[in-house]
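Everything on this sheet refers to the single structure shown next.
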């Protein structure tokens, strides 16, 4: 691994830096860690550890196994533990930071169709690749509407009340 890029922000008299490390010497390679510094002092690191997964006795791939957060005092927390992947290499089962088992199902277009946390399932319905409905575990529904440019224009609850509206504006040149 090597440092491929970094990000520096100055705000509130602090110097915040992020250092990105990649699996290969290639910007298209997976990120293996992101280290955060404040005023040149290490604050936190997010690290992804990889393992070999073999789907249906086909070709084996190196996919994320653990996502770990390391703190300035070198203590670590495992944020995610990936247990299984679909045959299209999308996570189908993992354990979250609270130790809860999560199962996900995907359609043939790689859209997330269900998310199960314990006994509670959230379902999503798509049309032309755009989410149109989300059904929560308590059967509460959110409906997503789009404009003619396929931009999200509103979210309504199951009673037709607006939860959120979106407006889009064209950026125009500033004149002096």
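The values are calculated or read from the model by the stated rules, or taken from the named source; none is laboratory data. Note that the coordinates shown come from a computational prediction; the quantities given were computed from them, not determined experimentally. Methodologically, a virtual Cβ is constructed for each residue, glycine included, from the backbone with ideal geometry; neighbour enumeration extends over all protein chains shown.
Only one residue in 65, 44, 40 is assigned by TED's automatic domain parsing to the domain that holds residue 18, in contact with a strand residue (DSSP E or B) (Cβ under 9 Å, 6 or more places away or on another chain) and on the phi > 0 side of the Ramachandran plot, so which one is that?
Details: 65 fails: on the phi > 0 side of the Ramachandran plot; 44 fails: on the phi > 0 side of the Ramachandran plot.
The match here is 40.
For the stretch 83-101, filtered to residues that are part of a loop (DSSP other than H, G, I, E, B) and within 15 Å of residue 61 (Cα to Cα), the residue that is nearest to the chain's Cα centre (by Cα) is 90. The test for being assigned to a strand (DSSP E or B), over 30 Å from residue 139 (Cα atoms) and at pLDDT 90 or above holds for residue 77.
Of these, 144, 126, 170, 166, which one is more than 30 Å from residue 94 (Cβ to Cβ) and either touching a residue at least 24 places away in the same chain (Cβ under 8 Å) or in contact with a strand residue (DSSP E or B) (Cβ under 7 Å, 6 or more places away or on another chain) (or both)?
Values: 144 fails: more than 30 Å from residue 94 (Cβ to Cβ); 126 fails: more than 30 Å from residue 94 (Cβ to Cβ); 170 fails: either touching a residue at least 24 places away in the same chain (Cβ under 8 Å) or in contact with a strand residue (DSSP E or B) (Cβ under 7 Å, 6 or more places away or on another chain) (or both).
Among 144, 126, 170, 166, only 166 is more than 30 Å from residue 94 (Cβ to Cβ) and either touching a residue at least 24 places away in the same chain (Cβ under 8 Å) or in contact with a strand residue (DSSP E or B) (Cβ under 7 Å, 6 or more places away or on another chain) (or both).
Among the residues of the stretch 102-140, write down those that are within 17 Å of the chain's Cα centre (by Cα), assigned to a strand (DSSP E or B) and over 16 Å from residue 156 (Cβ atoms). Residues satisfying the conditions are 102, 103, 104, 105, 106, 112, 113, 114, 115, 116, 117, 122.
Remark: pairs (first residue in the stretch 83-100, closer than 12 Å to residue 118 by Cα; second residue part of a loop (DSSP other than H, G, I, E, B); Cβ separation under 7 Å; 6+ apart in sequence or on different chains) = 100/118. Within the stretch 68-87, the set of residues being surrounded by fewer than 14 Cβ atoms within 10 Å (Cβ to Cβ) and under 20 Å from residue 100 (Cα atoms) comprises 76, 77, 84.
Checking the structure you have, find out if any residue of the stretch 148-161 is out of contact with any strand residue (DSSP E or B) (no Cβ under 7 Å at 6 or more places or on another chain) and either assigned to a strand (DSSP E or B) or surrounded by 15 or more Cβ atoms within 10 Å (Cβ to Cβ) (or both).
Of all residues in the stretch 148-161, those out of contact with any strand residue (DSSP E or B) (no Cβ under 7 Å at 6 or more places or on another chain) come to 148-149, 151, 159-161.
The next check asks that each one be either assigned to a strand (DSSP E or B) or surrounded by 15 or more Cβ atoms within 10 Å (Cβ to Cβ) (or both); those that pass are none.
There is no residue in the stretch 148-161 that is out of contact with any strand residue (DSSP E or B) (no Cβ under 7 Å at 6 or more places or on another chain) and either assigned to a strand (DSSP E or B) or surrounded by 15 or more Cβ atoms within 10 Å (Cβ to Cβ) (or both).
Reported count of residues in the stretch 91-110, each being more than 20 Å from residue 46 (Cβ to Cβ) and surrounded by 14 or more Cβ atoms within 10 Å (Cβ to Cβ), is 6.
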